[in-house]
Every structure is written in structure tokens, then in C-alpha cells.
Amino acid sequence: MNNNIDESPELDDELYEHLRIEVPKGQDLLRIDKFLMHFIPNATRSKIQKAAESGDIYVNDVPVKSNYRVKPLDVVRILLAHPPYENRVDPENIPLDIVYEDDALLLINKPPGLVVHPGHGNYTGTLVNALAYHFENLPMNSSERPGLVHRIDKDTSGLLVIAKTEAAMTHLAKQFEAKTSEREYIALVWGNVKEDEGTIEGNIARHVKDRMQMQVFADPEIGKPAVTHYKVLERFGYVTLVSCILETGRTHQIRVHMKHIGHPLFNDERYGGHLILKGTTFTKYKQFIDNCFKILPRQALHAKTLGFVHPTTGEMMRFNTELPDDMKEVIEKWRGYAKSNMAEEEEEA
């Protein structure tokens, strides 16, 4: 999806792009109103049909009706007479946890639940709104978002670097693109991960049927290459604490890669981790899991370490943050649960 304003010379100059989707190769023929429901949160099919009847939905730069069937490699766009609301950034006094700051950049420890930038359904209350309040004249990235060099998901906590100058934005963006930045995440995943460490490789693109998810594809021509290195930190029997180091930075990369090898993140609703995937059928165990989910009402993922070359001084900088309280508490509960299980097994032996 591309949220930049893209005014095609073949179209009315007053039209603004609100949504752009390049249909993947593996897509089955599907009515466009059904197809778009997977991309637009809270949109009803009737609303999408009205947009089509109004001539707002284009495929390959031609307006289409709601019964048009999308096919592989189509370019679907929604074009309206007003700019996207997410391109408007109103300053909001939202507190920031600033880990480090100088004239070129700042490091922020993002809490879970804070959306990084405005988008469909989240036009206010984002990190970008907070940045607009606390800082003036931040440089724009390629998507016209002030200061952002990279992003992490709404319910993922942890470190983000923000550029304060154009030179810093360019320098840092090149490091992320060249895969020279260091990014380590801590995740709690379902299941007992077999290998102590390993590497997951697989192209990532939008899921063919559920467009709110990403998926690993075997076809090298579908999606973008993604590489995740993981290492087991601690085993609790039914769940495992792992360190994940990103070589690339694709959307939902760790969440998708860990699910791909059979270990979805604990309480990751979008990828099925909010279900009890491992363990016993005892009511007591189910209550234990429910309590953990209440303490940690999100996917168990934290961006712990971020390293990069400072754009001005050339110094290698590396920052670490502690796990947030919700993850700490759940990990401690699992640690206690695992110990009590081991004690019971020893007694039985």
C-alpha cells in the first residue's frame, strides 16, 4: 500500500490517491468490492460499492464498477477529491519517552498501543502527532511522514530512531536499506522451539485471502526477501522466549516468520497466537493462560536493541531498553509455571 499523494497525468489534477494496491501474482479472480474489504478497516461492502458507483475506484487508471473482478498484477487505486486525512498531522501533546537526543536525531522507547503514524482508522493520537507537537521542522521521509526512519507495529513496544535533519534522515534511511543497522527484538512464542538458534528466510507479501495479514511465499517473484535470525533465550515448555535479529525490515516480519515455522507470537491475535496453541486441557491451565492474556493484551514483542552509525559523528551507537512491565510479568509467570511443572514431574518420577 502506498499512502503518498500520486497525481497521475492521465487523471483529473484534483484527485488524490487514498489507497494503492498492486495485486499479487497468486490472487484468485475476486469482485473488487469483496477484495477491498480486506484492505479498508471498518469499511462495509455497501460503502465500497457506493465509491465504485461514484467513479472513485480505478484499476489500471480506469474507473471500474463494483462487479469488476481483480486479477493478478492489477493496480487498484482509490482516488478522491480531497487529500487523505492521514497526510494531515495535527500536533498533540502526547508524552514521549526519549532515551537519547542530540541535534541530529532522537531515540524513543515506544509504549505498546501507540500507533506510529496516521492511517486508516487512526488519524489522531499517533507518534507522528506527538512529534509534531514536541519538535518543529522535522524532515519528511519518502512517505511524507515527519522524522520517521522506520516503524514498529502498534502493539509492539520498543526503540525507534527519529531523524531531526534532512542529512540525518538520508544517512539513517540508507543504513536501514543497506541492512547495516542492528535491530534485536525479544519475543515470547508458542511451542518449544526445537533448535537453539536458526535463520528464517522467505519472501513476505500480503496474504492472498486475508489482506490484513502478511504471508511467506515460496515463489521468489512474489513479495520481498526477508531474513530473521533467532536464538532461544529461555524455555518454559509450552512457550519459548527468543531473541530475533532482523536482517531485513518487512511488515510484520517477526510475527509472520515465527508463525511460518510453527511458533506464532504469544497473544498475537492477527496471526492466531491469541488461542491456546500448546499445553493441557485442564481448566486450571486455561485460567493461567487467560490471566497471562489479561496482563499482556497484545503480541509479546519488544524492540530491545537498536544500533546504527551516527549520521554526523560516524560513531557506532547502540541502545538497549528493558522489557516493558507487561512482558516481564508474563515471563515471570511462565517461569514459575515451568518450575512447578518440573517439580511435579520429579515427584512422579
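Evaluating residue 304 against the criteria (1) in contact with a Ser or Thr (Cβ under 7 Å, 6 or more places away or on another chain); (2) in a loop (DSSP other than H, G, I, E, B) leaves one unmet condition, (2). Regarding residue 52, is this residue small (Gly, Ala, Ser), over 16 Å from residue 210 (Cβ atoms) and either under 24 Å from the mean Cα position of the chain (by Cα) or modelled with pLDDT of 85 or more (or both)? Answer is yes for this residue. Filtering the range 270-277 for residues that are aromatic (Phe, Trp, Tyr) and crowded, with 24+ Cβ neighbours inside 10 Å leaves an empty set. Contact map, the range 90-107: residues that are at negative phi and in a loop (DSSP other than H, G, I, E, B) paired with residues that are surrounded by 14 or more Cβ atoms within 10 Å (Cβ to Cβ) and of a type in the set (D, E, K, R), Cβ distance under 8 Å, separation 6+ or inter-chain. Pairs shown: 97/110; 103/164; 104/164.
Here is a yes/no grid of residues against (1) of a type in the set (A, V, I, L, M, F, W, C); (2) over 27 Å from the mean Cα position of the chain (by Cα):
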site	(1), (2)
28	no, no
31	no, yes
39	yes, no
45	no, no
48	yes, no
77	no, no
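I'm trying to understand the selection: among the residues of the range 297-341, which are small (Gly, Ala, Ser) and closer than 16 Å to residue 186 by Cβ? Passing the criteria: 300, 303, 307. Scanning the range 292-318 for residues that are among the charged types (D, E, K, R) and surrounded by 17 or more Cβ atoms within 10 Å (Cβ to Cβ), we see that the one that is nearest to residue 101 (Cα to Cα) is 304. Tell me, yes or no, whether the range 188-197 has at least one residue that is closer than 12 Å to residue 253 by Cβ and of a type in the set (A, V, I, L, M). Among the residues of the range 188-197, not one is closer than 12 Å to residue 253 by Cβ and of a type in the set (A, V, I, L, M), which makes the answer no. Only residues that are under 17 Å from residue 308 (Cα atoms) and either of a type in the set (A, V, I, L, M, F, W, C) or open to solvent by 10 Å² or more (accessible area, probe 1.4 Å) (or both) were counted in the range 118-150, giving 3.
Counting only residues that are open to solvent by less than 30 Å² (accessible area, probe 1.4 Å), among the polar types (S, T, N, Q) and under 13 Å from the mean Cα position of the chain (by Cα), the range 249-269 holds 1 of them.
Going by the structure shown, is residue 183 open to solvent by 20 Å² or more (accessible area, probe 1.4 Å), among the basic types (Lys, Arg), under 19 Å from residue 307 (Cα atoms) and not in a loop (DSSP other than H, G, I, E, B)? The answer is yes for residue 183. Quick check on the range 163-176. Is at least one of its residues assigned to a strand (DSSP E or B) and open to solvent by 30 Å² or more (accessible area, probe 1.4 Å)? Within the range 163-176, none of the residues are assigned to a strand (DSSP E or B) and open to solvent by 30 Å² or more (accessible area, probe 1.4 Å). Looking only at residues in the range 65-96 that are exposed (fewer than 12 other Cβ atoms within 10 Å of the Cβ) and either at pLDDT 90 or above or among the aliphatic types (A, V, I, L, M) (or both), the one that is farthest from residue 181 (Cα to Cα) is 67. As a summary of the residue check, residue 153 satisfies the conditions (1) of a type in the set (Asp, Glu); (2) under 20 Å from residue 228 (Cβ atoms); (3) surrounded by fewer than 18 Cβ atoms within 10 Å (Cβ to Cβ) except for the one numbered (3).
Do the conditions hold for residue 293, that is, is it part of a strand (DSSP E or B), on the phi < 0 side of the Ramachandran plot, under 22 Å from the mean Cα position of the chain (by Cα) and of a type in the set (Phe, Trp, Tyr)? Spelling it out, it is not the case that residue 293 is part of a strand (DSSP E or B), on the phi < 0 side of the Ramachandran plot, under 22 Å from the mean Cα position of the chain (by Cα) and of a type in the set (Phe, Trp, Tyr). Tell me, yes or no, whether the range 319-334 has at least one residue that is in contact with a Phe, Trp or Tyr (Cβ under 8 Å, 6 or more places away or on another chain) and either assigned to a loop (DSSP other than H, G, I, E, B) or open to solvent by 70 Å² or more (accessible area, probe 1.4 Å) (or both). No, every residue in the range 319-334 fails to be in contact with a Phe, Trp or Tyr (Cβ under 8 Å, 6 or more places away or on another chain) and either assigned to a loop (DSSP other than H, G, I, E, B) or open to solvent by 70 Å² or more (accessible area, probe 1.4 Å) (or both). The set of residues in the range 195-248 being assigned to a strand (DSSP E or B), open to solvent by 40 Å² or more (accessible area, probe 1.4 Å), in contact (Cβ under 8 Å) with a residue 60 or more places away in the chain and among the hydrophobic types (A, V, I, L, M, F, W, C) consists of 245 alone.
Residues of the range 262-278 being in contact with a Gly (Cβ under 8 Å, 6 or more places away or on another chain) and part of a loop (DSSP other than H, G, I, E, B), which ones? Answer for the range 262-278, where residues must be in contact with a Gly (Cβ under 8 Å, 6 or more places away or on another chain) and part of a loop (DSSP other than H, G, I, E, B): 262, 263, 264, 266, 267, 277, 278.
The values are calculated or read from the model by the stated rules, or taken from the named source; none is laboratory data. Keep in mind it's a predicted model, so treat the numbers as computed, not measured. Note that each Cβ is placed from the backbone with ideal geometry, even for glycine, and that neighbours are counted across all protein chains shown. We work out accessible area using only protein heavy atoms, side chains counted, and drop any ligands, DNA or RNA first. Shrake-Rupley method; radii C 1.70, N 1.55, O 1.52, S 1.80 Å.
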